[in-house]
1. Of the conditions (1) over 29 Å from Pro269 (Cβ atoms); (2) open to solvent by 40 Å² or more (accessible area, probe 1.4 Å), Ser137 satisfies every one except a single condition; which number is it?
2. Taking into account only those residues within the range 249-260 that are open to solvent by 40 Å² or more (accessible area, probe 1.4 Å) and more than 22 Å from Ile195 (Cα to Cα), which is nearest to the chain's Cα centre (by Cα)?
3. Among the residues of the range 151-167, is there at least one that is touching a helix residue (DSSP H, G or I) at 6+ places or on another chain (Cβ under 6 Å), assigned to a helix (DSSP H, G or I) and over 14 Å from Asp217 (Cβ atoms)?
4. Run down Ala164, Ala178 and say which single residue is open to solvent by less than 50 Å² (accessible area, probe 1.4 Å) and of a type outside the set (Lys, Arg).
5. How many residues are in contact (Cβ under 8 Å) with a residue 24 or more places away in the chain and not in a loop (DSSP other than H, G, I, E, B) if we restrict to the range 290-309?
6. Of everything in the range 237-248 that's farther than 17 Å from Val221 by Cβ and surrounded by fewer than 19 Cβ atoms within 10 Å (Cβ to Cβ), which residue is nearest to the chain's Cα centre (by Cα)?
7. Of all residues in the range 81-119, which are assigned to a strand (DSSP E or B) and not hydrophobic (A, V, I, L, M, F, W, C)?
8. For Glu222, state whether it is of a type in the set (Asp, Glu) and open to solvent by 50 Å² or more (accessible area, probe 1.4 Å).
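The values are calculated or read from the model by the stated rules, or taken from the named source; none is laboratory data. Note that the structure is a prediction, hence the values are computed from the model and not measured. Cβ: placed from backbone, ideal geometry, glycine included. Neighbour counts: every protein chain shown. Calculation scope for accessible area: heavy atoms of the full protein, side chains included, ligands and nucleic acids excluded. Shrake-Rupley method; radii C 1.70, N 1.55, O 1.52, S 1.80 Å.
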Amino acid sequence: MAQAPIQFDRASGALVGANAWERLAAVALVLGSKVASNFSHRGYNMCANLLRTTLPERGIQIKLNPDAIFEFPYGDGYWSKLLNRTYSYENELELLFQDSADVDYTLLDCGANYGYWSVLVSSKPFGSHRAIAIEPSGQNFPKLANNAKINGNRFEAMKCAIGAARGTARLSGTKHEAFSIAGDPDDGGEVVSVIALDNLIEDGKISPDGKYLVKLDVEGVEIEAIKGGARLLRGDSVLLCEEHGNDPDHTVSRYILEQTPLKLIVYDPRTNRLETVTELSILNRIKVSSHVGYNVFGTASVFWQDRINALNANAARRAQ
C-alpha cells in the first residue's frame, strides 16, 4: 500500500509526514535550489533526480496557498524547487494571473504537465477561475487528474495534445516536463490525440465570445498551435507562450510579431514591466540562459491590452 504523501506548506515552511532521511533530502533540495538559482538552476534537475533514486516512491503535496494543493513525486527534479520558499515559478505569469483575479476569464492550460497553473488559477486567492488543463502524456495525465481530484475537481483535465488541426501524433521524450509531438514520428513514442485550440469552440467546450488566458507550453509545436487557434486568438484572449532560451532567432516571437495580428508583449526584468515588442533585439538581452524558457505574450484584444497597461501603471506606482 502506497504511503500517504508528505505535506509541505510554502507559507510556514512546515514539513509533515517525512522520515529522517526524507527531511535530510528536503534540506539538500532547498540548499541546492538556492545555490543553483545563481545559475538559472542549471544542473539542479539532474542532481535532484539523482537524489530521488535514493528515496522511496512517495508523493509530496505542496500547499501553494490556503486553497491550492499541488502534488508530485517526492524528489522530482523539475518541481522540487518549490520546496525553496524563495523560489518563484514563472513569476511573469503569476504577475498577470494575480492581477486578473477580478476578470471573468477561463484558463486554457495547454501542455499542463501536472497542472500547477490550473491548481493555482482555480484557487480563491487567484479568483476561482474556470480552467481546462490539457495534457497528452499517459505518464503525466494521472498526476494531473490527481491534482484535479485533491482540489475538489474544480478544473477539467483533457488527455490530448494541441496542434494545428485534429489528428494523432507520436509523443516522445525522456523528461516529463519536455514531452513533445515535434519529433520524428518514426522514432516511436506514445500515440496521442491532437486537437486545435479552435476545436474547443467548435466542440462547445468554450464560448467564442469569452475571455481567455491561453498558456501554451507545447515543446516545439507553438507555431502550429497558434495557427490552430486563429479564431480564438482574434477575440479577448492572451497567448502565454514559451520562447526557448537556446533559440537565437526567436522563432516563436518572430512568428507572432510578423505573421499574426497579435501584439507581442514580453516581461522585461530591467523595467519590471510587460513591454510591447516592436524590435526582437530586446530578447537578446532578456534571454540570458540558453537552457530555460522565457514566456512571451500575444494578444489582439483591446481589453487585455488595457489590463496590461493598468498592471504596468500599478507596478510603477508601487515602485515609487
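1. The number of the failed condition is (2).
2. Applying the filter and picking the extreme gives Thr251.
3. Checked against the condition, which is being touching a helix residue (DSSP H, G or I) at 6+ places or on another chain (Cβ under 6 Å), assigned to a helix (DSSP H, G or I) and over 14 Å from Asp217 (Cβ atoms), the range 151-167 yields no hits at all.
4. Numbers: Ala164 fails: open to solvent by less than 50 Å² (accessible area, probe 1.4 Å).
Of Ala164, Ala178, the one residue that is open to solvent by less than 50 Å² (accessible area, probe 1.4 Å) and of a type outside the set (Lys, Arg) is Ala178.
5. To start, the set of residues in the range 290-309 that are in contact (Cβ under 8 Å) with a residue 24 or more places away in the chain comprises 290-301, 303-305, 307-308.
Then keep just the ones that are not in a loop (DSSP other than H, G, I, E, B); that gives 293-299, 303-305, 307-308.
Of the residues in the range 290-309, 12 are in contact (Cβ under 8 Å) with a residue 24 or more places away in the chain and not in a loop (DSSP other than H, G, I, E, B).
6. Top of the filtered list is Gly245.
7. Hits for the range 81-119 are Thr106, Asp109.
8. Judged against the criteria, Glu222 is not a match.
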